[in-house]
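Reading through the structure tokens given below for one structure.
The values are calculated or read from the model by the stated rules, or taken from the named source; none is laboratory data. All values reported here derive from a predicted model rather than from experimental measurement. Positions of Cβ are generated from backbone atoms using ideal geometry, with glycine treated the same way; all protein chains shown enter the neighbour counts. Each accessible area value is taken on the protein alone, full model and side chains, heavy atoms only, with ligands, DNA and RNA left out. Shrake-Rupley method; radii C 1.70, N 1.55, O 1.52, S 1.80 Å.
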Amino acid sequence: MQQGKESSAPLMRERENEEVLSQLPLVLPSTKISGVNASEAIHVQENKRRKRRIMKVAVYLMFGLIVVGVFSVWLFHKDSNESVSMGSRFKFTVKARTLEIQNAAGDGVLYADLGMHLKATPYEQCWNDEINEYEINCIDWRKMAEVHFHKNEVVTNSCYSIDWTALSEEFEAEDCFYIQTYNWFGFLSDGHSTWPMKDIQLRNMSFYPKYPNKLDRNLVPYWLSSAGVSIVINNNTPFSVSWNISAQRQLCVAATKSYKAISAKPVLRYTICQGEDMQQAYYRTKEFLEEFLAKTPLNTKMNDIIPHPIYYVTDESGLDTIKEKIASNSKCSYLELFSDWESQYGDLVFKPEVFTKLKNLQTSLSVDHCKYMVPISAFFAFKSKNFEIGIANKYFVRDEMNLATELMNWDGHEGAVLDITNQNATSWYIKQLSNLLNQLDIGAFKLLHVDIPSLISFQNTNASVLDYPKFFAKMVAKLNVTMVIENVAGFMLNEAHVVVHTNMNFTQESRCFDKVVPETLMLGLESYSLIIADIGKLIDFDITEELLTRWLQIVIFYPGYRLPFFPVMSDQVMNRRVETLMRLRNQVVIPYLQELRENQESDPLIRPLWWPEPEDDVAQVINDQFLVGDKILVTPILCEGVNYRNVYLPRGNWQAGHSGIVSEGKSWIQVHYDNLDQVPYFTLVED
């Protein structure tokens, strides 16, 4: 029976049996091998083969598990190299070069494409020779660029600093942020709306002017989104900006060819600050700037609210009639002098004939506690008596190779500029200003912008031409005077007064000055609270009684304002109107501004309508009204020939200043003004 089963087995099994029999030892012919013994031998061999197969499978399984484990470890390590995370809200995906920032609820509030011009180059974490290990938050694209990430965190908000350094002169960093549906606020150019930024297409605009072009506007590299994030560009970084230039609708910032003013290769440095809303983003941005850019406070008693007008004269002849004009108008806080009060720029000594007139006028001005404001600069003309002193002592900025004094032209004169990073130079300069203070009753200095070439050498190699106003204000902070900056470039972080200029805008129907409010609001969000309203180019036009009145009805709510003497100011009706406006300013506005300075130092004095409620979508887009603190709402008439306007009231109950009517907030109303004596403003009614 056993032989029958074997004979009926498959062919493969027969071949296996034949192979087994062929391996058995030879026996004599007379020896008999039973079928049972042969079958047992076959089963023994099969068991051995089965064990070998099981061992092979086990080895394969074990090897597979090892491979899977190694792959998992590699994948985890690879993923850690493929992304940079700084907390749960910030993630940069390296391969795609995309950035996402989330809010506390996990919603994305900012998306960006970084390193737009990087090629398909291998990358790795940056090696740090000082610590002899790789940096976690730094990525290096070989021979092209590296980017560093740094987090500055507090309890509720965070700031993330991003620093691009080119490893090749061919690479210029460019990062693009998606606009999405949020409202964005910030300065782009004179011809575009900034509150909010919309309906704009702008490509590669040089944000800082290419020196030595004149800086005739305030340029602060700051943008704020209604999603509660801000973008702040480092002061030292020349860059260009593009807005809404593609279907992706992006705000792009890029390093420029002006980088040689800063470093040997292109750089781009900026910080993203985040808050739960726009107000919190403002607070966090200001905290970051004060902490990491070294705020230098000036004398708070001097740099405070300016209650009375700053009158100015354009030339020496204006001093002959100034006494009568001031007496017939109103009190003044300062009388600003003309820029050529010196024989040569840099003499830092009054012309003899000018000094005589100022000395005689000083007694009359002191009755009204009015002091002189003197325009100054760091420019020393070639013919100045101090030029040779500066040359001999190396007080001036030097050429790119630090070999000789860099000479330049400014305001039609050739000369040199003081190196405000040289301590010996600044000590000498301050001594010259102190001599001026000892000669006359000077209460303020006004810094004139000086055009400085980018390829120069400071004693402090970390300084640049873009830092000049900041360094200058820090230098003058040693004097007990008010500091006024004609134009700022970047963040100063000094309690100095900044001028906002009023420009005329012609429409088909009338003349308007509707840009002054958005520019004022932006300066407030850029940490400049002490804003002086300047009548600016209105003086170049045939300014009417109506236009002047409308302008005065706005600026009496500012921390300070500056204006010349107009022929229309001598009119009796205008004199009476000015007296009424000054009474309102002195009784209502000035006490409240001073209260804000004491109790709400971190907040801007002039605020956007969304300040009390940042989520108010309607208030976010209002660009022709503003708040003074939280209790005064200014609703100006900005065009001539208009006697009514639509007014949006924020939350709360508001009383009209001209009629006393109380209206409930978060609503639109239409307000009519019967005559020019009615001031368009509201006050918050306390519960």
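Data overview
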{"quantity": "Tabulated pairs, segment 448-469, first over 16 Å from Y208 (Cα atoms), second basic (K, R) and open to solvent by 20 Å² or more (accessible area, probe 1.4 Å), C-beta under 6 angstrom, 6+ apart or interchain", "calculated": "S457/R398"}
{"quantity": "Selection from segment 590-623 of residues that are open to solvent by 50 Å² or more (accessible area, probe 1.4 Å) and farther than 23 Å from D277 by Cβ", "calculated": "P591, Q594, E595, E598"}
{"quantity": "Qualifying residues in segment 624-666 (those that are farther than 17 Å from I556 by Cβ and among the β-branched types (V, I, T)) - the one most open to solvent (accessible area, probe 1.4 Å)", "calculated": "I661"}
{"quantity": "Selection within segment 440-463 - among the charged types (D, E, K, R) and in a loop (DSSP other than H, G, I, E, B)", "calculated": "D441, D451"}
{"quantity": "Test set (1) at pLDDT 85 or above; (2) open to solvent by less than 70 Å² (accessible area, probe 1.4 Å); (3) closer than 22 Å to Y561 by Cα; (4) among the polar types (S, T, N, Q) - Q344 fails condition number", "calculated": "(3)"}
{"quantity": "Sole exception among (1) modelled with pLDDT under 85; (2) not in a helix (DSSP H, G or I) for L466, by number", "calculated": "(2)"}
{"quantity": "Residue check for F149: touching a Pro at 6+ places or on another chain (Cβ under 9 Å) and open to solvent by less than 60 Å² (accessible area, probe 1.4 Å)", "calculated": "no"}
{"quantity": "Residue match in segment 528-549 (condition: touching a helix residue (DSSP H, G or I) at 6+ places or on another chain (Cβ under 6 Å), without any contact (Cβ under 8 Å) to a residue 40 or more places away in the chain and not in a helix (DSSP H, G or I))", "calculated": "yes"}
{"quantity": "Of all residues in segment 389-439 being under 19 Å from I376 (Cα atoms) and of a type in the set (D, E), the one that is surrounded by the fewest Cβ atoms within 10 Å (Cβ to Cβ)", "calculated": "E414"}
{"quantity": "Some residue of segment 641-658 being on the phi > 0 side of the Ramachandran plot and more than 32 Å from the chain's Cα centre (by Cα)", "calculated": "yes"}
{"quantity": "So L593, is it in a helix (DSSP H, G or I) and in contact with a strand residue (DSSP E or B) (Cβ under 8 Å, 6 or more places away or on another chain)", "calculated": "yes"}
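Results for (1) in contact with a strand residue (DSSP E or B) (Cβ under 8 Å, 6 or more places away or on another chain); (2) open to solvent by less than 10 Å² (accessible area, probe 1.4 Å), shown as yes or no for each residue.
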| site | (1), (2) |
| --- | --- |
| A477 | yes, no |
| A489 | yes, yes |
| H497 | yes, yes |
| N503 | no, no |
| F513 | yes, yes |
| L525 | yes, yes |
| I531 | yes, yes |
| L538 | no, yes |
